[in-house]
Amino acid sequence: MSGSYAEVRRRSMEDPEGFWLDAADAIDWVSPPTRALDDSAAPFQRWYPDGQLNTCHNAVDRHVEGGRADQLALVHDSAYTGAVTTYTYAQLQDAVASLAGGLRSRGVGRGDRVVIYMPMIPEAVIAMLACARLGAVHSVVFGGFAAKELASRIADAQPVAVISASCGLEPNRVVAYKPLLDAALAMVDPAVRPTVSVVKQRPQQVADMGPTDVDYDELVAGADPVGCVTVDATDPLYVLYTSGTTGTPKGVVRDNGGHAVALAWSMANVYGVRPGEVYWAASDVGWVVGHSYICYGPLIHGCTTVMYEGKPVGTPDAGAFWRVIADHGVAVLFTAPTAMRAIKRVDPDGTLLADVDLGGFRTLFLAGERCDPDTLEWSAATLGVPVIDHWWQTETGYPISANPMGIEHLPVKAGSATVPMPGWDVRILDDAGEEVPAGTIGNVVVKLPLPPGAFPTLWNDEERYVESYMSRFPGYYLTGDAGLVDPDGYLSIMSRIDDIINVAGHRLSTGAMEEVLSGHPAVAECAVIGVADATKGEVPVGLVVLKVGVDTPDDTITIELVRKVRDEIGPVAAFKQAIIVDGLPKTRSGKVLRRTAKAIAEGAEYTVPSTIEDPDVLEALRTRLRGPATG
Ligand code: COA
Ligand code: AMP
């Protein structure tokens, strides 16, 4: 895009209509939009209200037609099996069109929901694109969630079909997906239970099939390929459930038109990649990063996307990322700071880089959690490329703030997620709704309207959309993050203002974990706090008060509690520590003093809040977590 960052951003603010209609030219439309934004029902907004398109056409078919048929579209690299599987754009089109045909033969059509519960295999991306092709709405559920979490998402999305696989692979075990899927389906009310489960059999563990199960390969082999169904730009493309402050996840809705435009814009202008280059997001398709930058963004932009099944360390070593970059000619890598911390811990001197030719590797982007300056600086020094901290959320779908490498490489400031991107009017407000001076921490909000690509609503819950995001400061979107803007306009995101924690770049609700702990018969009350961790950024720790008269040994109860969270939320919660305490520190109005408890657990300085109900509880907690005070 021509012009400096400041010029481009100014235009996006002064003429959003013109700016986003121009950006829409990067997309193929069946009916091109004549208007960009309809915000007549604010805070609900609709981008490109009269446009029509198909997202799968933009991600696949148009590249086949436009000369990229033989270019690699998808490279799957499994650190567990050692296999590399590739699809050209033409092969991807065949695979997607056939699966779409198979799904249609099983009754899936425009507007129907399809839940995808799959490990990191190419069929997961193919399934997403097949849904998009049919105008169906996919909802991908991350494989590290347990059956109960899957069940709650199925119950809310009410899909016609579920697409899954027999198993996923983790470093020390094969994770059987099918029993988890079957258990989840058994928990769902039969009235809304999907009628078909499509299962991709993997050789590492073949699943037993039941009467409503369909073998993925057989379905595809017997299918007539189908073309792309035209949908409205405002039709939903997907629903992605994310943690809220309660145990009930929020179904973030993504539209077709705004999403396609925003992702195409970001690939060129934020990530600075060109069509034909190789782009790798080391995440999972179950997260928003996987949706936007494993699947849709790189493909819409005509890049080769890399899908990596493995970890940054231990599969087999801390050089795994460098091998993937070198083997596949990656130009840009996007991952979470926790991955770099994990590599740094094992190979602090970068010795595993010595024999690797990173070739045309240009930029490392980090997001998903706060990036500590040390990790950013170590990564830049070790790799010798710019390392960009950028900030976004499931709700926004792409970066709110970043260093726009395709427009202008701004100076990097470690600890800052750089500057607001065009279209994002970021402000910092105090609790009374007044803007605070530069350098002061406050609530990070975005003045409405949000740009294209951001979520237009929550699935089945318009009320919660307004209540959770749009009511605290009318006219602004509440991001849920606290942060500051420095005098140069650089944004730093410091923490959440709610009960969400970030564990290894995964967004988790402490409220959901508390609901699980409270369900144990011995527990009177509890609080889950995020405590600093050298690799994962934060880990959850449960503080648990037992009911009077419980005589089960504490150790037995804590083991049961850890198991219960793993069984009900999933291994991804990384809940390994429950501590039995005599009481929870509370204010006189009964609010748990989480920040103070967190400071105590981390060994940090803290002041006893004046509103505390019983200072002795705090002292007892301090003794329990840190041992008796000395001196
Ligand atoms: N299916 C089943 N189980 C899964 C899973 C999946 N898809 N993903 C993770 N898990 C399990 C893990 O095996 C682990 O189980 P364990 O308690 O038996 O060891 C547990 O969930 C916690 O996973 P995680 O927090 O990811 O820890 P880890 O030790 O497996 O890996 C990192 C730690 C830092 C290497 C890894 O989290 C990572 O690479 N993160 C950065 C990239 C990323 O995914 N970012 C997300 C958004 S960008
Ligand atoms: P998710 O919806 O899973 O993408 O998580 C979004 C949350 O992760 C944000 O609200 C932030 O709290 C946090 N986050 C993401 N990127 C950054 C970043 N670059 N710096 C600080 N926090 C971040």
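The values are calculated or read from the model by the stated rules, or taken from the named source; none is laboratory data. Bear in mind the structure is a predicted one, so any value in this text is a computation, not a measurement. All Cβ positions, even for glycine, are placed from backbone atoms using ideal geometry, and neighbour counts span all protein chains on display. To get the accessible areas, we keep the full protein, side chains included, count just its heavy atoms, and leave off ligands, DNA and RNA. Shrake-Rupley method; radii C 1.70, N 1.55, O 1.52, S 1.80 Å.
Residues to consider are G319, G272, G310; find the one that is under 21 Å from A26 (Cα atoms), of a type outside the set (S, T, N, Q) and in contact (Cβ under 8 Å) with a residue 12 or more places away in the chain. I'd like the intermediate steps shown before the answer.
Details: G319 fails: under 21 Å from A26 (Cα atoms); G310 fails: under 21 Å from A26 (Cα atoms).
Result: G272 is the single residue among G319, G272, G310 that is under 21 Å from A26 (Cα atoms), of a type outside the set (S, T, N, Q) and in contact (Cβ under 8 Å) with a residue 12 or more places away in the chain.
Restricting to the stretch 309-330, give me the number of residues that are in contact with a Ser or Thr (Cβ under 8 Å, 6 or more places away or on another chain) and of a type in the set (F, W, Y).
Result for the stretch 309-330: 1.
Of all strands (runs of 3 or more DSSP E) completely enclosed by the stretch 178-269, which ones contain at least 2 residues that are among the acidic types (D, E)?
Working: elements: 196-200, 213-215, 236-242, 250-255.
Because the criterion is at least 2 residues that are among the acidic types (D, E), the strands (runs of 3 or more DSSP E) in the stretch 178-269 that meet it are 213-215.
Of all residues in the stretch 84-101, which are open to solvent by 40 Å² or more (accessible area, probe 1.4 Å), among the polar types (S, T, N, Q) and either farther than 21 Å from I163 by Cα or assigned to a strand (DSSP E or B) (or both)?
Those that are open to solvent by 40 Å² or more (accessible area, probe 1.4 Å), among the polar types (S, T, N, Q) and either farther than 21 Å from I163 by Cα or assigned to a strand (DSSP E or B) (or both): T85, T86.
A quick yes/no check of all residues on (1) assigned to a loop (DSSP other than H, G, I, E, B); (2) open to solvent by less than 70 Å² (accessible area, probe 1.4 Å); (3) over 30 Å from W392 (Cα atoms):
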| position | (1), (2), (3) |
| --- | --- |
| A524 | no, yes, yes |
| V545 | no, yes, yes |
| V548 | yes, no, yes |
| I557 | no, yes, yes |
| V565 | no, yes, no |
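Can you say whether L333 is outside any loop (DSSP other than H, G, I, E, B), within 16 Å of ligand 2 (Cβ to nearest atom) and buried (at least 19 other Cβ atoms within 10 Å of the Cβ), as far as the supplied structure shows? Lay out the reasoning, then the answer.
Working: outside any loop (DSSP other than H, G, I, E, B): yes; within 16 Å of ligand 2 (Cβ to nearest atom): yes; buried (at least 19 other Cβ atoms within 10 Å of the Cβ): yes.
Yes; evaluated as a whole, the condition is true for this residue.
Go through (1) open to solvent by less than 10 Å² (accessible area, probe 1.4 Å); (2) touching a strand residue (DSSP E or B) at 6+ places or on another chain (Cβ under 7 Å); (3) within 11 Å of ligand 1 (Cβ to nearest atom); (4) more than 21 Å from P420 (Cβ to Cβ) for I343 and report which single condition fails.
So I343 meets the others, but not (2).
Identify the single condition in (1) farther than 25 Å from P16 by Cα; (2) outside any strand (DSSP E or B); (3) open to solvent by less than 30 Å² (accessible area, probe 1.4 Å) that F455 does not satisfy, given that it satisfies every other one.
Going through the list (1) farther than 25 Å from P16 by Cα; (2) outside any strand (DSSP E or B); (3) open to solvent by less than 30 Å² (accessible area, probe 1.4 Å), F455 breaks only (1).
Out of the residues in the stretch 137-174 that are β-branched (V, I, T) and open to solvent by 30 Å² or more (accessible area, probe 1.4 Å), state the one that is farthest from ligand 1 (Cβ to nearest atom).
If we filter the stretch 137-174 for residues that are β-branched (V, I, T), which is where we start, we get 137, 140-141, 154, 160, 162-163, 174.
Okay, now just the ones that are also open to solvent by 30 Å² or more (accessible area, probe 1.4 Å), so 160, 174.
Values: V160: 24, V174: 10 Å.
The qualifying residue farthest from ligand 1 (Cβ to nearest atom) is V160.
Within the stretch 443-452, which residues are touching a residue at least 40 places away in the same chain (Cβ under 8 Å), closer than 21 Å to S492 by Cβ and open to solvent by 10 Å² or more (accessible area, probe 1.4 Å)?
Answer for the stretch 443-452, where residues must be touching a residue at least 40 places away in the same chain (Cβ under 8 Å), closer than 21 Å to S492 by Cβ and open to solvent by 10 Å² or more (accessible area, probe 1.4 Å): just N443.
Given (1) surrounded by fewer than 17 Cβ atoms within 10 Å (Cβ to Cβ); (2) away from ligand 1 (no atom under 16 Å from the Cβ), where does A534 come up short, assuming only one miss?
(2)
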